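Asks: Can you keep this structure in mind? I'll have questions shortly.
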Amino acid sequence: MTTPLIPAPARSGRGSIRMHLDRGEHPATRVPLLGTDLDNPSAVCGGCANKVFKQLHDGRERLKCGLLPRGSRGLRGPDLRDSMPACVKYAAAPSALRSA
């Protein structure tokens, strides 16, 4: 007697990054977010001093969190966006020098 196949439930489309944000934790560092308003964060990853850019072989760059150590494959966690809400380990990046 064979067991009938039961279809898997449909996924709701919530990616792992969004699920971390919904729980109030940063997807890279897994620590609490700095603010609770995801639509209007008090600080964002793009303005953090801990951000690093990973250079891909084709010349593109990916924003990563410098607080994470490189893994065995050279990765530093998920790709981030400039507008992603920052975590409590946020440190303001120094302002770029302006020429007068």
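Asks: What do you reckon, how do Lys54, Lys89, Lys64 stack up by accessible area (1.4 Å probe), largest on top?
Replies: I get Lys89, Lys54, Lys64, largest accessible area first.
Asks: What are the ³J(HN,Hα) values, in whole Hz, obtained from phi via the Karplus relation 6.51 cos²θ - 1.76 cosθ + 1.60 with θ = phi - 60°, for each residue of the range 60-65 in sequence order, with x given for Gly and Pro?
Replies: 6, 10, 10, 7, 10, 8
Asks: Which residues' amide hydrogens lie under 5 Å from the amide hydrogen of Lys51, considering only partners 5 or more residues apart or on another chain, with H built in the peptide plane?
Replies: Gly66
The values are calculated or read from the model by the stated rules, or taken from the named source; none is laboratory data. Just so it is clear, the structure is predicted and the values come from calculations on it, not from any experiment. Heads up: the accessible areas ignore ligands, DNA and RNA and are worked out on the full protein's heavy atoms, side chains in. Shrake-Rupley method; radii C 1.70, N 1.55, O 1.52, S 1.80 Å.
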